[in-house]
Amino acid sequence: METMKKLFAVLSAVLFCISLQVHAQDDPGMFHLMDPGSLFYDASSEYDVPDHLTVWKNDTLLLKAVFHADHDGQLTLSCGQDTHAVFLETVSASIGIGSDPGIPHYDVPDRIGDQTHHAVQGETVYVLIEITASQNTGAGLKETSVVLSDGIKEYPLPITYEVIDRVLPEPALTVEFWQYPYASLRWYDMLEGEEPFSRKHQSVLGRQLDAYAQLGMKNITVTVTDEPWGHQVYDQYPSMVKWKHDQDGYLFFDYTEMDQWISLCMEHGVDGYIDCFGILPFTGRWQITEHDGSVTEVSPEIGSYEWTDLWSTFLYSFTDHMEEKGWIDQTYIMIDERPVEEMKAAVGLVQEICGDRLKFHAALAEITEDSFYDVFDRLAVSIASFSGKEDMMRRIIAHRKELGLTTQMYNCSTNYPNVFALSEPDESLWTMEYLAGMGFDGYLRWAMDAWPQDPYASFDFDRFEAGDTMLVYPDEHDSTDPEITQSYRLKMIGQGIRNVTKLQALDSPDILSVMYRGNGKENRYGAVYAKGQSVKALTSLEADRIEQMIRCMEDAASGIHAPDMDVHRSRIAYLGLNPSWDGAYLGLNRCVAIMNVVCFAADLVILAVMFMRHAGKIKKMAVCLIALASAACILLSFGSTAVLIDRFTVMMMTGTIVCAVIAMIGSRRQGESKDEA
């Protein structure tokens with residue numbers, strides 16, 4: 001009996017140490033790597049660094065580090081060869097939709113800063129580290145380091161990595177982001193009073209376009225009516241084509257702004273598709289300027305005589321103009337999330353007027369196997385539109401490939417997973433890997449630079465989740481030579497594309513063929529995020545699995561047998577036969593969580609019984625102190641976000657420990673009583 005009690009005590013102590021480890025935070029001053037796929041640091045985001053990291057030639061290795069400042073002061077970074085490190089600056093993000101101060105906010109490390117940062121005592125500081133290898137970099141093990149200095153002490157972070165003797169090819173996946181060139185007019189002081197696409201405005205936009213071209217972006221966003229999305233962003237988005245009546249009442253079109261914008265894009269390497277928005281504006285309204293300068297708003301019913309007459313006049317003029325400019329082969333009539341009957345009316349009119357001179361591109365919130373969609377040379381499909389209908393989506397993609405048509409996937413407000421400010425960075429990796437596994441040709445994002453009122457202070461916007469409207473940041477208001485900076489989310493999208501490119505180069509398409517896909521849920525503030533911690537954790541686990549499999553494939557390509565590969569292929573085979581496996585897995589975790597809660601409740605009952613049986617003051621005080629410690633551990637457990645069922649596990653551990661301590665006290669007291677007797 002005594003032996004059993006001792007074993008029980010030892011087990012309780014071990015569990016207690018584990019529970020402390022789960023919630024321990026590093027001592028101030030520690031500088032170390034963390035999981036790049038985690039948004040914030042906690043013990044669950046510790047980075048399990050392998051013997052060494054790997055990078056291909058023509059590749060970038062992305063890492064994330066964390067530092068806990070123990071005093072106020074200026075922090076600086078210095079780096080080794082082929083290594084670049086910068087601080088990630090924070091921006092406030094609401095967990096809901098809107099800027100209501102009553103909605104909880106978090107400071108999100110998303111804006112890529114520079115190599116200096118003013119820290120305050122107790123602040124957790126995040127650092128982005130990128131290690132690059134050119135095509136000429138020699139293969140083999142390399143060493144580098146990042147050194148953080150707080151003015152008093154230096155904190156070196158040594159990094160060992162291997163350059164794999166493989167050249168990363170250009171990605172097959174395409175990325176398209178819609179641009180909002182009018183936002184910069186409002187943001188920069190130097191552009192105050194400037195007309196759209198003036199010389200000054202073009203100098204600012206040119207720098208933005210250089211950065212976009214480096215990201216591989218080729219699409220050009222053009223508006224042919226005012227506010228085609230119904231003014232859904234902070235800044236206005238007028239028509240680049242001005243609709244006007246002459247003195248005789250005839251309709252004509254001024255293409256000056258559109259021509260300036262398209263020409264500027266092409267000069268800076270953004271020279272692919274020209275997507276023309278506005279034939280089906282969200283509000284159904286647009287403006288025509290009269291000869292006397294007054295403005296008339298028109299809102300004809302789709303398919304009516306007035307609608308047909310207005311758009312026929314435009315299409316004849318527009319098509320001739322694009323042919324004269326030499327842009328006709330790149331021009332697409334773009335339709336965004338409109339009802340299918342409206343789309344059929346618009347497509348029918350364009351085909352009647354223009355024949356096959358203009359092509360079509362659409363973004364669809366809903367998708368079916370309707371042959372009508374074959375008219376769209378490029379088709380972007382919302383991730384929400386085929387939830388639970390993945391087999392149908394694969395058939396559509398395969399059918400379109402046979403016809404030589406392009407199919408993309410997009411996510412936006414109310415979708416999960418996503419690239420919101422408060423989305424886990426792993427969701428960016430998952431999105432790229434999932435769409436590639438489904439067979440999509442690329443990724444579409446609706447807003448590259450639709451900045452909110454002050455993107456340095458807050459992501460908040462009235463209509464969308466924080467961060468949904470932007471993936472790049474402007475320069476400071478008063479900058480006279482502005483440069484944009486990327487977000488950490490955009491960096492992770494790039495990492496996801498590189499992961500896909502590596503798997504394709506390693507001829508391993510089955511790695512991405514079956515991925516767990518979790519569901520989102522609207523929170524009390526109107527925003528959609530993961531439906532519970534289990535869903536969030538499993539999404540991250542899938543992203544981690546892909547990176548582990550890339551390592552296995554690298555080893556296999558080098559002639560090293562990777563046992564994990566056998567496990568992975570068994571999983572693929574099993575998932576292929578059991579498509580509901582992931583749902584069952586999630587259900588199993590919920591069952592385990594419920595069992596933990598039941599065990600914890602039982603522990604509390606035992607604790608109460610013991611408390612009643614041992615009435616001494618000292619014992620009561622001890623029990624109260626232990627109960628308070630238990631409550632503290634429980635509260636801490638609710639702060640953990642990345643351990644799958646952490647809060648329930650810690651509850652069970654804490655309850656078990658409390659009961660063990662009480663049992664030991666009671667046992668000793670009984671022994672003392674017997675001795676006295």
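What follows draws every value from the coordinates through simple rules; no lab data is involved. Every value quoted in this text rests on a predicted model; they were computed, and no experiment measured them.
Among the listed pairs K200/K359; K142/K536; K142/K218; K57/K491, those whose Cα-Cα separation exceeds 26 Å are K200/K359; K142/K536; K142/K218.
In sequence order, the range 295-301 has phi-based couplings of 10, 10, 9, 10, 8, x, 5 Hz under the Karplus curve 6.51 cos²θ - 1.76 cosθ + 1.60, θ = phi - 60°, and Gly or Pro positions carry x. Just report the Cα centroid separation between the range 266-328 and the range 339-382, whole Å. Their Cα centres are 17 Å away from one another. For K142, nonlocal amide neighbours, meaning residues 5 or more places apart or on other chains whose placed amide H falls under 5 Å from its own, are Y161, E162, V163. Summary value for the range 219-364: 24 percent relative contact order, contacts being C-alpha pairs under 8 angstrom separated by 6+ residues. Counting every C-alpha pair in the range 219-364, the share spaced more than 18 angstrom apart comes to 56%. Phi angles of the range 215-230 translate, via the Karplus equation with coefficients 6.51, -1.76, 1.60 and θ = phi - 60°, into HN-Hα couplings of 7, x, 6, 10, 7, 10, 8, 10, 10, 10, 9, 6, 6, x, 9, x Hz per residue; Gly and Pro are given as x.
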